[in-house]
Amino acid sequence: MVLVSAKEMIDKAHAGHYAIPAFNTNNLEWTKCILKACEESKSPVIIQASEGAAKYMGGYKMVVDMVRDLHDSMGITIPVALHLDHGTYEGAKACIEAGFTSVMFDGSHYDIEENIEKSKEIIALAHSVGVSVECEVGGIGGVEDGVASNGELADPAECKAVADLGVDFLAAGIGNIHGKYPANWAGLNFERLNEINEAVNGKPLVLHGGSGIPFEQTSKSIEMGVSKINVNTELQLVFADATRKYIEAGKDIEGKGYDPRKLLKPGCDAIVAKAKELIKAFGSEGKAE
Ligand code: 13P
């Protein structure tokens, strides 16, 4: 089976009150681990790459080829979408061309008129070739690919305006932050999420900054219309932690412990274990059966 658009899996998740995990990939190991965890958990998955991560990996075409080839060689049976995370106008167009099956156009830093204008163009272009689209209203806190945002709460009327353009799913700031949550974080703003969910009239919502949000809060957000949860930092943290322990225990200097296949294994195993835990928490386990 080839890679699929994210629309059908997200619509099903929305109707069934669970969320599709959208894991950011950073390299070959990440991609293999994400596919392994999701296949073993029988969960549909969105593998996503930011423009910076795609550049690091060798470009959009390289990412498309890597995901397609691993999908084939690993005998993957679950639905897999390849999505551009926080795309620019040019990036979204380039990814549609390169073979991504889903793109995010993040026009949240433009004024709302310009965001609407550009979102509309990307939606028309993507839909003409069966690619799903995510747009964003209101910033997400933290730093993503070097771009800082103050994490404003999205305006429900603006969310409605973008939802009405026919976008497939919508990212809206509700107090969520990319990266680690600070100890004094106020939590997700459910009052605002409720207002947005009512305003967009059943459009699936996306929760960015899915790393480290307490389970009760992710569950509640899913009940209130969130159907895609983005996770990057959490997998990076478990990978780094397991790798540090391996090196601190001196295992890299025992025998051939420096061989990357050995050196990276504890980190990879940690990614698979954490991804499986998140799949359970988001309720998508078994949904690809
Ligand atoms: P985290 O790195 O906080 O998990 O956020 C990921 C994300 O939202 C990607 O868009």
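Points to keep in mind about this one:
- Anisotropy class of the chain from Cα gyration tensor, a/c 1.5 cut: prolate
- Membrane-span-like helices in the chain, defined here as complete DSSP H runs extending at least 15 Å along the helix axis by their C-alpha atoms with mean Kyte-Doolittle hydropathy no lower than -0.5, are 28-41, 60-73, 112-128, 233-248, 265-282; this is a sequence and geometry rule, not a statement about a membrane.
- Choice from Glu248, Glu191, Glu51 with maximal GNM fluctuation in the chain (Cα, 10 Å cutoff): Glu248
- The stretch between Glu117 and Ala15, if pulled fully straight at 0.36 nm per residue, gains 33.8 nm over its current Cα-Cα span.
- When you filter the trypsin sites (Lys or Arg not before Pro) in the range 181-285 for DSSP loop state and at most 16 other Cβ atoms inside 10 Å of their Cβ, you are left with Lys256.
- Least to most buried among Thr88, Thr25 (fewest other Cβ within 10 Å first): Thr88, Thr25
- Percent of Cα pairs exceeding the 26 Å cut-off, where the set is the range 24-169: 27 percent
- Ordering Leu84, Leu263 from the fewest to the most neighbouring beta carbons within 10 Å gives Leu263, Leu84.
- Using a cutoff of 8 angstrom between alpha carbon atoms and counting only pairs six or more residues apart, the relative contact order for the chain works out to 22 percent.
- Listed residues Pro214, Pro44, Pro266, most fluctuating in the chain (Gaussian network, C-alpha, under 10 Å): Pro214
- Once the Cβ-Cβ distance of Ile247 and Glu29 is raised to the sixth power relative to R0 = 22 Å, the FRET efficiency obtained is 0.85.
- Inter-probe distance in nm under a simple model that places probes 7 Å from Cα toward Cβ, at Val2 and Lys220: 4.3 nm
- Placing dummy labels 7 Å off each Cα toward the beta-carbon, the span from Thr77 to Asp259 is 3.1 nm.
- Debye equation applied to the C-alpha atoms of the range 55-106, log10 I(q)/I(0) at 0.17, 0.19, 0.28 Å⁻¹: -0.51, -0.62, -1.10
Every number in this text was worked out from the coordinates using simple rules, so none of it is lab data. None of the values given here were measured: they were computed from a predicted structure. Here the Cβ is made from the backbone with ideal geometry for all residues, glycine too, and neighbour counts use every protein chain on show.
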